[in-house]
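Accompanying notes for the structure given below.
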Amino acid sequence: MHRLILTVFVAILAAAPAAAEFRVLSVSGVVRIAAAGSEVFAPAVAGQSLAEGSQVSTGETGRVTIEVGPRNLIKMRSNAKIVVGSTRPEGSRMKLIAGRIKGVFAGLTGGRKFDLEFESRSAVASVKGTTIDAEDGPDGIRIR
């Protein structure tokens, strides 16, 4: 009986969609990361996982590529800042605080969404198999 219960539990876990993980793929120039709830920034390192609430900030010459699940990328250039939101299977979230990001979403399957939330104003983009360019600038929010 115990073996049957364990087998069913393992089968359910295997069928459940995995949460997307925000992970730093590459870094150049000045890129800093602060842990959730902290304002103390440290240099970003390739391979570093980003928990919910982490802040990522790029300097004048900074560039960083962040993986959000398989084949989904966020690219940040100079003077940008994001806060990692939820990384749940039903949709990953992040907040763009400043600057510009580019997202390339090739690995969204099964109707999964990627939501973009902007600080102080809100725009939501649901994409599948496409590229999105988002900017929160002095003239307002632009999504291309």
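Here are a few things to note about the model shown:
- Inside segment 62-95, residues that are outside any strand (DSSP E or B) and either open to solvent by 40 Å² or more (accessible area, probe 1.4 Å) or modelled with pLDDT of 95 or more (or both) make up a count of 7.
- Complete set of residues in segment 23-38 that are outside any strand (DSSP E or B) and exposed (fewer than 15 other Cβ atoms within 10 Å of the Cβ): G29, A35, A36, G37, S38
- Looking only at residues of segment 118-144 that are among the hydroxyl-bearing types (S, T, Y) and assigned to a strand (DSSP E or B), we find that the one that is modelled with the highest pLDDT is T131.
- Annotation note: Cβ proximity below 6 Å between a residue of segment 21-43 that is touching a residue at least 24 places away in the same chain (Cβ under 8 Å) and closer than 25 Å to F105 by Cα and a residue that is open to solvent by 50 Å² or more (accessible area, probe 1.4 Å) and of a type in the set (D, E, K, R) (sequence gap 6+ or interchain) occurs for S28/R63; G29/R63.
- Residues (open to solvent by less than 30 Å² (accessible area, probe 1.4 Å) and among the polar types (S, T, N, Q)) located in segment 39-61: S54, Q55, T58
The values are calculated or read from the model by the stated rules, or taken from the named source; none is laboratory data. Predicted, not measured: the structure shown is a model, and the values here were computed from it. Here Cβ is always computed from backbone atoms with ideal geometry, including for glycine, and neighbour counts include all displayed protein chains. We work out accessible area using only protein heavy atoms, side chains counted, and drop any ligands, DNA or RNA first. Shrake-Rupley method; radii C 1.70, N 1.55, O 1.52, S 1.80 Å.
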